[in-house]
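The values are calculated or read from the model by the stated rules, or taken from the named source; none is laboratory data. In this text the structure is predicted, and so the values were computed from the model without any measurement. Because the Cβ atoms are built from the backbone with ideal geometry, glycine has one as well, and the counts that use them run over all protein chains shown. The accessibility values were calculated without ligands, DNA or RNA, using every heavy atom of the protein model including side chains. Shrake-Rupley method; radii C 1.70, N 1.55, O 1.52, S 1.80 Å.
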Amino acid sequence: MPRVEDVVFPRRERTEDRRKERWHRDVLDEVFDRPTLLAVSRMVSSGHFSEVDFSVSTGKEANVFRVSGPKGFRALKVYRISNSIFRNLPPWALAEIRREVGGGSFPRMVAAWAHREFTSLGRCHDAGVPVPEPMAQFRNLLLMEFVGVEGLPSPPLVKAVIEEPETLRREIAQASRTMVEKAKLVHGDLSPFNVLYHRDHAVLIDVGQVLRADHPQAKEMLRRDAATFARYFSRQGVECAPETLYAEMGGDLLP
Ligand SMILES: Nc1ncnc2c1ncn2[C@@H]1O[C@H](COP(=O)(O)OP(=O)(O)OP(=O)(O)O)[C@@H](O)[C@H]1O
Ligand SMILES: [Mg+2]
């Protein structure tokens, strides 16, 4: 059994250039506090992965790492155990978490949040929505399929150069529609930040704040996201009216 510090900070990384090493170590120190390290070691001993390779994204609420194990690369999303994660939560999600843990401690609420994203990913994946396949969840950790090419993460749309925007527009509309029709869910935060551009196709991520399709605010959220994408695609040279996109995204199916 390797030392957990060696898993998150492999020896070979230590010989890399000093500044990079320092930054890497700072991120790891900040993200992998004691409880998180213990959760990681539990996933490691369950055989899910054996090494944390590098940080893919450092955010306010979560950090995403590429990890590797016997079956290849995976993405590990580590939620911060702090109150900041709940500052930006939509009220429906917060209400659900509160119900679930009965106003418990932050670590328990964060675990419930990670669990919520895990089960939502599963529901979308089973319904045929292009999302990373969820693989495991424990405490504040979520392990899922790594969306990348030759070990490098595929970028979010905001950082990508789109080859065929019209095709992509149809794909995103269809993905959202399948989510409404088959998974009975509305994403709730669909934007060019939360769609990855993977081998010229769209992969939806960040599904923690999904709403049930029959939720009173589902229409409002889908309208907002349709408007965001209408603007995005107009910039890409594809004219599309927000209302038309809203309907295509599944708005016409909402009760
Ligand atoms: N399965 C994955 N494969 C590859 N990269 C991923 C995967 N999941 C997330 N990422 C990368 O990590 C970034 C952050 O992920 P995500 O959107 O799920 O977190 P977040 O909740 O928005 O975190 P924060 O709001 O703190 O930035 C994404 O923009 C993407 O670049
Ligand atoms: Mg995001």
Which numbered condition in (1) within 10 Å of ligand 1 (Cβ to nearest atom); (2) closer than 24 Å to residue 119 by Cβ is the only one that residue 181 fails? (1)
Any residue that is within 16 Å of ligand 2 (Cβ to nearest atom), in the same structural domain as residue 214 (by TED's automatic domain parsing) and closer than 26 Å to residue 67 by Cα - is there at least one of those in the range 125-139? no
Of all residues making up the range 24-62, the number that are more than 16 Å from ligand 2 (Cβ to nearest atom), open to solvent by less than 20 Å² (accessible area, probe 1.4 Å) and not in a helix (DSSP H, G or I): 4
Suppose we keep only residues that are part of a loop (DSSP other than H, G, I, E, B) and open to solvent by 10 Å² or more (accessible area, probe 1.4 Å) within the range 132-153. Which one would you say is nearest to residue 80 (Cα to Cα)? 139
Can you report the number of residues in the range 220-244 which are assigned to a loop (DSSP other than H, G, I, E, B), loosely packed, with under 14 Cβ neighbours inside 10 Å and either at negative phi or not assigned by TED's automatic domain parsing to the domain that holds residue 165 (or both)? 2
Matching entry among 196, 152, 185, 245 (being without any contact (Cβ under 8 Å) to a residue 24 or more places away in the chain and not hydroxyl-bearing (Ser, Thr, Tyr)): 152
Residue check for residue 111: within 24 Å of residue 52 (Cβ to Cβ) and not in a loop (DSSP other than H, G, I, E, B): yes
Filtering the range 63-85 down to residues that are open to solvent by less than 40 Å² (accessible area, probe 1.4 Å) and away from ligand 2 (no atom under 16 Å from the Cβ) yields 66, 67, 68, 69, 72, 82
So in the range 69-102, with the set limited to residues that are assigned to a strand (DSSP E or B) and within 13 Å of ligand 1 (Cβ to nearest atom), which one is farthest from residue 142 (Cα to Cα)? 72
Taking the range 178-199 only, how many residues are open to solvent by 50 Å² or more (accessible area, probe 1.4 Å) and touching an Asp or Glu at 6+ places or on another chain (Cβ under 7 Å)? 1
